[in-house]
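Report on the structure given below.
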Amino acid sequence: MDNKKRCKWCNPKNPLYIAYHDSEWCVPNFGDQYLYEMLLLESFQAGLSWECVLNKRDNFRNAYDNFDLEKVIMYGEDKINDLLANDGIIRNRRKVEASIRNSKVYREIVGEFGSFRAYLENFTGGKIYYEVGATTNELSDEISSDLRKRGMSFVGSVIIVHTSIDPFLSIYLHPLSFSVINIISPSRFVLNIS
């Protein structure tokens, strides 16, 4: 054990979780590829723990063609059946189908705004918001509502905060790795990012 203070949710016995906590959680990353990956993964987290999804992340990456948006939007029934037969990922038909539909909406958003970050900044004015102890807020509710109006599903306000987008943009959206809303534990060790 390295004696770093980490958030209570971080399982100290899971090296994947520790690595995620230390190098991704609350570390701004607004690249479209990363935001897309987090949004897709967060949609599978609904009703489950982020740790469960994180443990399957590499399997998701392989199953979803390295989160290649152009490939995912072309998935048809044969690929859906392949995904549902893949015991390395979460095999929920509604979530699998939503992942493809959400990918198409994601692409439309990027086309409309130029990037997913620009879309998020449409709500935030370019600011990053910090929350302590909250799982949702008015901003995450607003982003979640807009994404649902555009046709996405499994993008509730908690997902947005976590993803925003994680266990985090669960809209509070992905585990805060791509966050415009950061939920921080006051005792959390934070990387010195310059």
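The values are calculated or read from the model by the stated rules, or taken from the named source; none is laboratory data. In this text the structure is predicted, and so the values were computed from the model without any measurement. Here the Cβ is made from the backbone with ideal geometry for all residues, glycine too, and neighbour counts use every protein chain on show. The accessibility values were calculated without ligands, DNA or RNA, using every heavy atom of the protein model including side chains. Shrake-Rupley method; radii C 1.70, N 1.55, O 1.52, S 1.80 Å.
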> Looking at (1) over 13 Å from the mean Cα position of the chain (by Cα); (2) outside any helix (DSSP H, G or I); (3) modelled with pLDDT under 95, can you tell me which one Trp25 breaks?
Replying inline: (1)
> For the stretch 33-58, which residues satisfy the criterion of being farther than 17 Å from Gly88 by Cα and over 12 Å from the mean Cα position of the chain (by Cα)?
Replying inline: Gly47
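So which residues in the stretch 1-18 are in contact with a helix residue (DSSP H, G or I) (Cβ under 9 Å, 6 or more places away or on another chain) and either loosely packed, with under 14 Cβ neighbours inside 10 Å or assigned to a helix (DSSP H, G or I) (or both)?
Once the filter is applied, which keeps residues that are in contact with a helix residue (DSSP H, G or I) (Cβ under 9 Å, 6 or more places away or on another chain) and either loosely packed, with under 14 Cβ neighbours inside 10 Å or assigned to a helix (DSSP H, G or I) (or both), the stretch 1-18 yields Asp2, Lys4, Pro12, Leu16, Tyr17.
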>> Give me the residue from the stretch 28-40 that is assigned to a helix (DSSP H, G or I) and open to solvent by less than 40 Å² (accessible area, probe 1.4 Å) and, out of that set, farthest from Gly126 (Cα to Cα).
In response: Leu40
> Out of the stretch 67-96, which residues are in a helix (DSSP H, G or I), open to solvent by 100 Å² or more (accessible area, probe 1.4 Å) and not basic (Lys, Arg)?
Replying inline: Asp78
